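A.B. asks: Submitted below is the structure of interest, expressed as structure tokens.
No lab work stands behind these numbers, since they all come straight from the coordinates. Remember, it's a predicted structure, so these values are computed and weren't measured experimentally. Every residue, glycine among them, receives a Cβ derived from its backbone with ideal geometry; neighbour counts consider all protein chains shown.
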Amino acid sequence: MICSMTGFGRSKVENDTFQITVEMKSVNHRFLEMSIRLPKQMMVFEDKIRKIIAKQVRRGRIEVSISITGEGLVERKLTVNWELLKQYQSIMENIKGKFQLQDSITLGQLMRMPEVTAIEEIENVNEQFETSLYEAVRQAAHMLKTMRDGEGERLHKDIAYRLQEIHNCVNAIIPHAPIVTQKYRERLENRLKELHNQDLDEQRLLTEIAIFAERSDIHEELVRLQSHLDQFREALQITEPVGRKMDFIVQEMHREVNTIGSKANDLTISKYVVEMKNNLEKIREQVQNIE
């Protein structure tokens, strides 16, 4: 069954220490492309996250947002740059001596100097957190896949309906095509009678009809169009990504239909050609969103 490239997935995993929220949305794209936003200290997990998602989706642009809250994940530690502090003190003492200043150097003055103190964040990520993170990603990816599959079913029904409409047009054209040549013969006979008002040259008439018949013959185009319809129906049943294959088949069907329209030179066939083109255009739009 075909799969859409449009979908959304969301999951939340939490305990007493942390809460992990994962959101995913996908749109159509030529290849599989992921954009993952997660806290800087969690970048080490990105490669595994990508692999988990790739097991569920094989084509499309996937935007992933991961938010994490919890006090236990990062420990903050205040540090002092003792070497820099000594330099500040030495410079202050030199300035004080050079200008014979009486003011004393206080601890508060030293501590306010740039980069003397810093808050260092130490990751406190344990195995439980890592397992929970991957589980949250799996749940969101599964929800995304489920939505894409559901949309794929809707696309399948719509495309199958339009393929049948095109098939009906082909079946209507097949018995009508020979009539086109016969009508041309009648028009040609009447026209020649009007112009010459004399007995017709039967051989010349047959030659003209043969040329027209060859030029307007659409049998091969109809056969190829039927073949493309069969190929498309088969593609609808494939579980592997078939979006690009379907896009190619639609282009081929467009080509055959255009040729039929240009060669037939008949109002009835032209009506069916317009109907087939309308359905093909709808199918083409749908195919752009198939994985």
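A.B. asks: Let me make sure I get this right: for region 1-132, a, b and c are the square roots of the gyration tensor eigenvalues over alpha carbons, sorted descending. Under 1.5 in a/c it's rounded, otherwise prolate if a/b > b/c, else oblate. Which is it?
C.D. replies: Here region 1-132 falls in the prolate category.
A.B. asks: Quick one: if the Förster radius is 25 Å, what FRET efficiency do Lys271 and Phe248 give, using the C-beta to C-beta distance and rounding to 0.05?
C.D. replies: 0.35
A.B. asks: Using the number of other C-beta atoms within 10 angstrom as an exposure proxy, rank Val44, Val223 with the fewest first.
C.D. replies: With the fewest neighbours first, Val44, Val223 line up as Val44, Val223.
A.B. asks: Can you work out the FRET efficiency for the pair Leu85 and Val44, with r the C-beta to C-beta distance and R0 = 45 Å, to the nearest 0.05?
C.D. replies: 0.85
A.B. asks: Specify whether the C-alpha gyration tensor of region 245-291 places it in the rounded, prolate or oblate class, a ≥ b ≥ c being the square roots of the eigenvalues: rounded for a/c under 1.5, otherwise prolate if a/b is larger than b/c and oblate if not.
C.D. replies: Verdict is oblate for region 245-291.
A.B. asks: Setting aside same-chain residues fewer than 8 positions from Lys25, which lysines have a Cα under 25 Å from its Cα?
C.D. replies: Within reach: Lys12, Lys40, Lys48, Lys51, Lys55, Lys145, Lys157, Lys245, Lys282.
A.B. asks: How long is the gain from Asp103 to Arg154 if the chain were fully straight, where each residue apart is worth 0.36 nm and the alpha carbon distance is subtracted?
C.D. replies: Residue separation times 0.36 nm, minus the Cα-Cα distance, leaves 10.2 nm.
A.B. asks: Compute the length gained on full extension between Lys12 and Ser65: take 0.36 nm times their separation in residues and subtract their Cα-Cα distance, giving the result in nm to one decimal.
C.D. replies: So the chain would gain 17.9 nm between Lys12 and Ser65.
A.B. asks: Okay, moving on. Taking neighbour Cβ counts within 10 Å as the exposure measure, how do Lys48, Lys145 sort from fewest upward?
C.D. replies: Lys48, Lys145
A.B. asks: Order these by the 10 Å Cβ neighbour count, fewest first: Cys3, Cys169.
C.D. replies: In increasing order of surrounding Cβ atoms, one gets Cys169, Cys3.
A.B. asks: Starting from the Cα-Cα distance between Asn278 and Glu220, subtract it from 0.36 nm times their residue separation and give me the gain in nm to one decimal.
C.D. replies: Gain on extension, Asn278 to Glu220, equals 18.7 nm.
A.B. asks: To continue, here is another question. Does region 7-65 come out rounded, prolate or oblate, given a ≥ b ≥ c as the square roots of the eigenvalues of its C-alpha gyration tensor, rounded meaning a/c under 1.5 and, failing that, prolate meaning a/b above b/c?
C.D. replies: Prolate shape, in that a/c is at least 1.5 and a/b is the bigger ratio.
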